[in-house]
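Derivation of every value follows stated rules applied to the coordinates shown; laboratory data play no part. Model, not experiment: these values are computed from the prediction. With ideal geometry, Cβ positions are generated from the backbone for all residues, glycine too; neighbour counts draw on all protein chains shown.
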Amino acid sequence: MLEGLLMKNIGCLVQTEDVPREMVCGKEMSELNTIEDGWLFIKDGLINDFGKMSVIRSGEIHFDTGGTEIIDATGRFVFPSFCDSHTHLVYAGSREIEYSDRIRGLSYAEIAKRGGGILNSAKMLHETSEDELFGQSISRINEIIGFGTGAVEIKSGYGLSLDDELKMLRVIRRIKNSSPLEVKATFLGAHAVPSEYKGKHEEYVDLIINEMIPVVSSEDLADYIDVFCDEGFFSVEDTERILMAGIKYGLTPKLHANELGFSGGIQVGVKYNALSVDHLECTGDAEIESLLRTDTMPTLLPGSAFFLGLPDPPVRKMIYAGLPVALASDYNPGSSPSGNMKLIMSLGCIRLKMLPEEVINAVTINSAYAMGLSETHGSIAKGKVANVFITKEIPSYEFMPYAFGSNLIETVILKGKIIN
Ligand code: NIG
Ligand code: FE
């Protein structure tokens, strides 16, 4: 007897895979597998099987209704949960004052230079206890679960001292242990140079390398290492030193690159076999060429380009060249105060001119790759973790990014359990 959870009469099952892939590239990004009038069976927290309703109606497959919970999903779409491979959602307070300053005309870089921006968040984080930080962060976690996210990467980087970076990473670990989300942690000590190291940033890089990385690694607090490799923040040389130290301690690189300038961040990420290079507003032919035939996922963060009014990355060119593309929210208080991945899909379509099929691939299988999870997440495939959401009644999958302001998610299932 099969016990588990059966969804039947599903209007459309989206992003199904018979043969799981680790990512989709180039032209393939505009293809999306779907099953209309389908069913999905979940058992022991995993996707057990799925198919067309006709085999149930004909009696070819039989489910014992005694032990199986049944959801009738008539008219509804079932998607794999979003994978959000780039966030900074552990932070203290908020920065709407800078938002007003930017509306009045100051740029993100000017605000940072005056000691605002990331340093402002670092100050607030320093004054916030670990428990309070956890409380603030868990509300954001609950919010993104409702938005359909099933896996999230979270970075440190508002600590900028050994103790405060550890405080952030411990909060990320508590989230990992207490929430149904799949969580990956990234150490981003090199997010900004703290004010006490102004004029001696080399010494801060030394602190990251000699003190922070060894402790982060010995307490097993991070999966990845990140550097804000961009104009006014960390140079390619700083980045190389930090990545080499991180790799020595078992941390895989994932970089902030080419957001504010042609920083060389993309190339240095590729050189150190980064899992992803993220932002990429400043991407030219040389950067595209360097990414081809590599294992590095180009990841775009249209929420921050939209919020800061930055030029958009040349996504069409990247896809035509054959590259894969992932999209993530960058959820953070300074450049993207939203973790709504459905909105990110809309921005991908509207701003970046990506097709609905392309954005769906970019927020599921490709973003799963960008956080090291594409074997277990990011699609509806047998044996993958049962992280899915059921929509309200909608006419098509294109309707998801199209209806950019509507909440269309009705039921969230994580690790096989109905969450809300
Ligand atoms: O990814 N670009 C660097 N870091 C964040 C912004 C952080 C902040 O402003 O608080 C980002 O956009
Ligand atoms: Fe970021």
Wholly inside the range 1-64, strands (runs of 3 or more DSSP E) that include 1 or more residues that are under 24 Å from M400 (Cβ atoms) and among the polar types (S, T, N, Q) are 4-14, 34-43
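M400 - would you say it is touching a residue at least 12 places away in the same chain (Cβ under 8 Å) and part of a loop (DSSP other than H, G, I, E, B)? Let's see the steps before the verdict.
Working: touching a residue at least 12 places away in the same chain (Cβ under 8 Å): yes; part of a loop (DSSP other than H, G, I, E, B): no.
No; evaluated as a whole, the condition is false for this residue.
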When every residue in the range 324-360 that is within 14 Å of the chain's Cα centre (by Cα) and of a type in the set (S, T, N, Q) is compared, the one farthest from T87 (Cα to Cα) is N340
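Conditions (1) surrounded by 24 or more Cβ atoms within 10 Å (Cβ to Cβ); (2) touching a His at 6+ places or on another chain (Cβ under 8 Å); (3) charged (D, E, K, R), marked per residue:
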residue: D163; (1), (2), (3): no, no, yes
residue: I172; (1), (2), (3): yes, no, no
residue: K176; (1), (2), (3): no, no, yes
residue: P180; (1), (2), (3): no, no, no
residue: E196; (1), (2), (3): no, no, yes
residue: E202; (1), (2), (3): no, no, yes
residue: D220; (1), (2), (3): no, no, yes
Among helices (runs of 4 or more DSSP H) entirely within the range 327-389, at least 1 residues that are touching an Asp or Glu at 6+ places or on another chain (Cβ under 9 Å), aromatic (F, W, Y) and closer than 23 Å to P180 by Cβ occur in 365-369
Only unsatisfied item for A370, checking (1) crowded, with 22+ Cβ neighbours inside 10 Å; (2) out of contact with any Gly (no Cβ under 9 Å at 6 or more places or on another chain); (3) free of Cβ contacts under 8 Å to residues at least 60 places away in the same chain, is (3)
In the range 56-104, anything touching a strand residue (DSSP E or B) at 6+ places or on another chain (Cβ under 7 Å) and among the charged types (D, E, K, R) is listed as E69, D72, R76, D84
Subset of the range 289-326, residues part of a loop (DSSP other than H, G, I, E, B), of a type in the set (A, V, I, L, M, F, W, C) and within 16 Å of ligand 2 (Cβ to nearest atom), comes to L301, L310
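This table checks each residue for (1) among the polar types (S, T, N, Q); (2) in contact with a Leu (Cβ under 9 Å, 6 or more places away or on another chain); (3) closer than 30 Å to K8 by Cα; (4) touching a residue at least 12 places away in the same chain (Cβ under 8 Å).
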{"site": "T65", "(1), (2), (3), (4)": "yes, yes, yes, no"}
{"site": "I70", "(1), (2), (3), (4)": "no, yes, yes, yes"}
{"site": "R76", "(1), (2), (3), (4)": "no, no, yes, yes"}
{"site": "S85", "(1), (2), (3), (4)": "yes, yes, no, yes"}
{"site": "A122", "(1), (2), (3), (4)": "no, yes, no, yes"}
{"site": "D131", "(1), (2), (3), (4)": "no, no, no, no"}
{"site": "S139", "(1), (2), (3), (4)": "yes, no, no, no"}
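Is it true that P214 is more than 16 Å from ligand 2 (Cβ to nearest atom), surrounded by fewer than 24 Cβ atoms within 10 Å (Cβ to Cβ) and in a loop (DSSP other than H, G, I, E, B)? Explain how you work it out, then say what you get.
Values: more than 16 Å from ligand 2 (Cβ to nearest atom): yes; surrounded by fewer than 24 Cβ atoms within 10 Å (Cβ to Cβ): yes; in a loop (DSSP other than H, G, I, E, B): no.
So P214 fails the test.
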